[in-house]
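Colleague: There's a structure below that I have some questions on.
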Amino acid sequence: MSHQQEDDADYMANEYDMEAMDDDMDDEFHGRDVGGSDSDADDYDYTNNKMQDTSAAEARRGRDIQGIPWERLSITREKYRQTRLEQYKNYENIPQSGEASEKDCLATKKEVSFYDFRRNSRSVKSTILHFQLRNLVWATSKHDVYLMSHFSVIHWSSLTCSKSEVLNVSGHVAPCEKHPGSLLEGFTQTQVSTLTVKDNLLVAGGFQGELICKYVDRPGVCFCSRTTYDDNAITNAVEIYNTSSGALHFIASNNDSGVRDFDMEKFQLSKHFRFPWPVNHASLSPDGKLIAIVGDNPEGLLVDSRNAKVVSPLSGHIDYSFASAWHPDGLTFATGNQDKTCRVWDIRNLSKSVVALKGNLGAIRSIRYTSDGRFMAMAEPADFVHVFDVKNGYEQEQEIDFFGEISGLSFSPDTESLFVGVWDRTYGSLLEFGRRHNYSYLDTII
């Protein structure tokens with residue numbers, strides 16, 4: 001992945017931010033009308049000192065889910081959507097990869113809905129530091145989600161609509177526990193590139209190879225490590241898992257071409273594998289025997305988790321990949337690529353992918369399966385999240401359409417909620433969706 005960090009903010013602002021997009025958009029869009037009557041003040045809740053959220057009831061009455069006042073603008077939502085589709089520039093390492101991949105993609109039926117809009121929370125701002133890394137939102141229950149907001153890891157409760165700071169890395173962070181291999185001096189002003197939370201363990205990875213571990217139910221940081229002092233040291237992804245014996249581990253994928261396994265029972269590095277190219281994402285199979293490896297190479301790898309011996313190459317993508325995820329059955333997994341496709345693979349026949357699924361605007365930066373395996377969601381860099389019906393061969397798709405950079409997406413462990421982080425200077429927020437059930441009375445359960 002690109003490690004020219006200094007260009008990231010400008011790239012995202014120029015390519016994605018609604019404030020910088022279409023010249024036809026009124027100043028009213030961002031609340032800068034001279035008279036002030038059409039400003040965001042109309043959408044501000046002074047009682048609670050926060051931007052007004054959008055509820056499901058308000059959306060059913062016609063309010064835009066992001067609170068964008070289209071009726072006051074000189075451009076319609078439909079026209080602005082068309083402009084975005086026409087003008088968006090997908091970031092590619094291999095020129096024209098998005099166009100070349102289209103012929104392989106499955107034509108899906110999109111007039112379906114698996115998850116209904118529940119709430120848009122504008123008082124919690126999800127942010128991004130690297131334009132290619134979009135794993136910064138994690139749900140631990142249907143009401144609890146963790147996300148990055150500038151230098152803070154924030155916990156958001158959708159039940160109480162309240163937020164709290166879990167970790168602040170703007171200053172000095174050092175472990176309060178002593179463990180072999182832990183960097184006791186800690187870090188200063190860590191720029192978090194990736195995040196994961198599971199079983200009360202939070203792991204944040206940084207631009208300089210930093211790893212910060214904290215149990216969210218305990219005060220202080222428990223473990224700090226710098227994986228590498230390589231100049232190209234960005235921590236691209238982290239994934240927490242439980243071994244067959246129940247021990248808590250996590251895998252860190254790094255731009256130095258390494259994948260490292262940390263044992264959080266012993267607080268130390270247990271495995272270190274090296275690959276021929278920077279690793280952007282690694283996913284462990286549910287049985288713990290295989291790892292899907294993707295990175296700065298069109299061809300991915302499926303390797304043995306014990307020794308990194310290559311089981312099979314993964315040939316089909318034509319650009320660099322940044323996402324991977326396993327289906328709970330352990331037989332299939334998915335990879336997301338800058339060629340605008342997500343490919344699904346079956347370990348019983350890896351000669352080619354089972355299916356290729358197409359995005360609208362750009363790279364597939366994040367992929368998640370529900371814990372029951374019924375649905376898979378994939379996120380583009382901006383504007384679109386796609387939810388597929390896995391049970392019916394990925395042929396049916398719900399397309400969630402909004403405006404803004406996507407910082408991450410996460411299903412809750414019980415599959416009842418889907419959270420999407422939206423990064424935008426004005427309309428940044430956290431979108432929440434609830435699983436649709438056959439019996440309407442279930443939708444009333446909070």
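The values are calculated or read from the model by the stated rules, or taken from the named source; none is laboratory data. Please read these numbers as outputs of a predicted model, since none were measured by experiment. Ideal geometry is used to build each Cβ from the backbone, glycine not excepted, and the neighbour counts take in all protein chains shown. Please note that ligands, DNA and RNA were not included when accessible areas were found on the heavy atoms of the full protein model with its side chains. Shrake-Rupley method; radii C 1.70, N 1.55, O 1.52, S 1.80 Å.
Colleague: Considering Leu202, Leu183, Leu129, which residue is free of Cβ contacts under 8 Å to residues at least 60 places away in the same chain, within 26 Å of Thr228 (Cα to Cα), open to solvent by 10 Å² or more (accessible area, probe 1.4 Å) and touching a Ser or Thr at 6+ places or on another chain (Cβ under 8 Å)?
Modeller: On the way: Leu202 fails: open to solvent by 10 Å² or more (accessible area, probe 1.4 Å); Leu129 fails: free of Cβ contacts under 8 Å to residues at least 60 places away in the same chain.
Matching residue, one of Leu202, Leu183, Leu129: Leu183.
Colleague: Name every residue in the range 167-223 that is over 14 Å from Ala252 (Cβ atoms) and touching a Pro at 6+ places or on another chain (Cβ under 7 Å), in order of residue number.
Modeller: Result: Ser182, Leu184, Gly186, Val221, Cys222.
Colleague: Let me ask you something else. Please verify whether Ser152 is in contact with an Asp or Glu (Cβ under 7 Å, 6 or more places away or on another chain), modelled with pLDDT of 95 or more and of a type in the set (Gly, Ala, Ser), treating the condition exactly as stated.
Modeller: Taking the combined requirement at face value, the residue satisfies it.
Colleague: Another question, if that's okay. Would you mind finding the one in Ser371, Ser366, Ser353, Ser410 that is under 15 Å from Trp326 (Cβ atoms) and under 11 Å from the mean Cα position of the chain (by Cα)? Full working, then the answer.
Modeller: Details: Ser371 fails: under 11 Å from the mean Cα position of the chain (by Cα); Ser353 fails: under 11 Å from the mean Cα position of the chain (by Cα); Ser410 fails: under 15 Å from Trp326 (Cβ atoms).
Criteria check complete, one pass: Ser366.
Colleague: Restricting attention to the range 78-90, which residues are out of contact with any Gly (no Cβ under 7 Å at 6 or more places or on another chain) and among the hydroxyl-bearing types (Ser, Thr, Tyr)?
Modeller: Tyr80, Thr83
Colleague: Got a sec? Which strands (runs of 3 or more DSSP E) wholly within the range 367-416 have at least 2 residues that are open to solvent by 10 Å² or more (accessible area, probe 1.4 Å) and within 26 Å of Trp70 (Cβ to Cβ)?
Modeller: In the range 367-416, the matching strands (runs of 3 or more DSSP E) lie at 397-411.
Colleague: Now a separate question. Restricting to the range 88-121, and then to whatever is in a helix (DSSP H, G or I) and more than 15 Å from Phe384 (Cβ to Cβ), can you tell me which residue is most open to solvent (accessible area, probe 1.4 Å)?
Modeller: Lys103
Colleague: A further question on this structure: Restricting the first residue to the range 277-306 and requiring it to be part of a strand (DSSP E or B), which pairs with a second residue that is among the acidic types (Asp, Glu) meet a Cβ separation below 7 Å and a spacing of at least six or different chains?
Modeller: Taking only residues 6 or more apart or on different chains, the pairs are Asn280/Asp296; Ala282/Glu239; Ser283/Glu239; Leu284/Glu239; Leu290/Asp304; Pro298/Asp319.
Colleague: Another one. Output the residues belonging to the range 224-260 that are buried (at least 16 other Cβ atoms within 10 Å of the Cβ), within 20 Å of Trp138 (Cα to Cα) and over 20 Å from the mean Cα position of the chain (by Cα).
Modeller: Leu248, His249
Colleague: Could you check the range 137-160 and list, in sequence order, the residues that are more than 17 Å from the chain's Cα centre (by Cα), open to solvent by less than 40 Å² (accessible area, probe 1.4 Å) and touching a residue at least 60 places away in the same chain (Cβ under 8 Å)?
Modeller: Result: His143, Ser158.
Colleague: Which residues, counting only those in the range 231-288, are within 27 Å of Asp329 (Cβ to Cβ), touching a strand residue (DSSP E or B) at 6+ places or on another chain (Cβ under 6 Å) and of a type in the set (Gly, Ala, Ser)?
Modeller: Matches in the range 231-288: Ala237, Ala252, Ser253, Ser270, Ala282, Ser283, Ser285.
Colleague: Give the range 307-323 a look and list any residue that's out of contact with any His (no Cβ under 9 Å at 6 or more places or on another chain), in a strand (DSSP E or B) and of a type in the set (A, V, I, L, M, F, W, C), or say none.
Modeller: Step one: filter the range 307-323 for residues out of contact with any His (no Cβ under 9 Å at 6 or more places or on another chain), giving 307-320.
The next check asks that each one be in a strand (DSSP E or B); those that pass are 310-314.
Hits for the range 307-323 are Val310, Val311, Leu314.
Colleague: Then there is this: I'm trying to understand the selection: among the residues of the range 327-366, which are part of a strand (DSSP E or B), open to solvent by 10 Å² or more (accessible area, probe 1.4 Å) and closer than 25 Å to Asn93 by Cβ?
Modeller: Arg343, Val355, Lys358
Colleague: Thr426 passes all but one of (1) in a loop (DSSP other than H, G, I, E, B); (2) out of contact with any His (no Cβ under 7 Å at 6 or more places or on another chain); (3) surrounded by fewer than 20 Cβ atoms within 10 Å (Cβ to Cβ); which number fails?
Modeller: Every condition holds for Thr426 apart from (2).
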